[in-house]
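The values are calculated or read from the model by the stated rules, or taken from the named source; none is laboratory data. Here the structure is a predicted model, which means the values were calculated and not measured. Backbone-built Cβ (ideal geometry, glycine too); neighbour counts: all protein chains shown. Keep in mind that these areas ignore ligands, DNA and RNA; they rest on the heavy atoms of the full protein, side chains included. Shrake-Rupley method; radii C 1.70, N 1.55, O 1.52, S 1.80 Å.
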Amino acid sequence: MKSITYIALFMVGLVISDACQTKDPIPLAPAGAVAVAKVNANKAYFDINSLATTDFEFELKGEDFGQGVGVKAIEVWVGLNNPKIALAASMTACGNGVGCLYPSGALAPLPSRLAASDKLWKTFSSLPATVSIKATEAAAAVGVQPASLLVNDTFQLKFVVQTNDGRRFDAFHDGICDETRGQVGDCRLVIRVDTKKALYQPLK
């Protein structure tokens with residue numbers, strides 16, 4: 001009788017031990033790097049009233065989160081989004097979202113993967129760097145005339161990170177793309193064509 005009890009206890013222990021083990025090891029995420037951008041609040045949009053001279057400025061650097069990967073360079077790509085929408089007051093100042101109206105288009109759509117229409121503007125290998133791009137440069141990069149830009153058109157500056165070990169990161173988790181989360185890392189910045197000076201407000 002005792003031997004049956006011992007065998008039963010042994011089998012229960014074996015089952016519990018097996019249940020607590022992970023059969024397939026979880027692979028570690030490969031060490032990588034992202035771009036980090038800090039926008040100059042005084043140059044945070046393209047002024048439609050002075051498109052010939054207006055510029056957008058930010059500080060750009062790389063971040064490898066202490067993995068020792070190192071950032072060799074960051075490519076800056078330019079894309080244009082012109083959803084042809086108008087923002088009413090109820091769309092921008094409606095409190096907690098109850099009873100709000102929303103535009104039919106997105107000023108800065110996610111995800112921010114490189115698209116066929118995006119164009120490589122510059123590659124920065126001396127980091128950190130102060131980056132300034134004029135409205136005329138952004139327009140020329142995507143093949144449009146500055147005079148054709150309208151209020152609420154948006155340019156997206158998308159970042160591709162080259163690491164010292166020869167890798168190239170051109171796609172990131174969408175959470176990195178949303179600067180409103182305050183996370184370390186950006187895969188793009190949004191430049192809005194507007195009529196007034198405003199604090200930089202990332203757009204989703």
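For this structure, a couple of remarks:
- Number of the condition not met by Ile176 [criteria: (1) more than 23 Å from Gln67 (Cα to Cα); (2) modelled with pLDDT under 75]: (1)
- The range 117-137, subset of a type in the set (A, V, I, L, M, F, W, C) and under 17 Å from Leu60 (Cα atoms), residue most open to solvent (accessible area, probe 1.4 Å): Leu120
- Screening the range 179-195 for residues that are of a type in the set (Val, Ile, Thr) and open to solvent by 20 Å² or more (accessible area, probe 1.4 Å) and picking the one that is modelled with the highest pLDDT gives Thr195.
- Criterion (over 18 Å from Val131 (Cα atoms), open to solvent by less than 50 Å² (accessible area, probe 1.4 Å) and at pLDDT 85 or above) met by exactly one of Val78, Val69: Val69
- Where a residue in the range 146-172 is touching a residue at least 60 places away in the same chain (Cβ under 8 Å) and closer than 15 Å to Pro109 by Cα and its partner, wherever it lies, is part of a strand (DSSP E or B) and open to solvent by 10 Å² or more (accessible area, probe 1.4 Å), with Cβ under 6 Å and at least six apart: Thr154/Asn81; Thr154/Arg192; Phe155/Leu80; Lys158/Trp77
- Screening Leu149 with (1) buried (at least 21 other Cβ atoms within 10 Å of the Cβ); (2) at pLDDT 70 or above gives one miss only, at (1).
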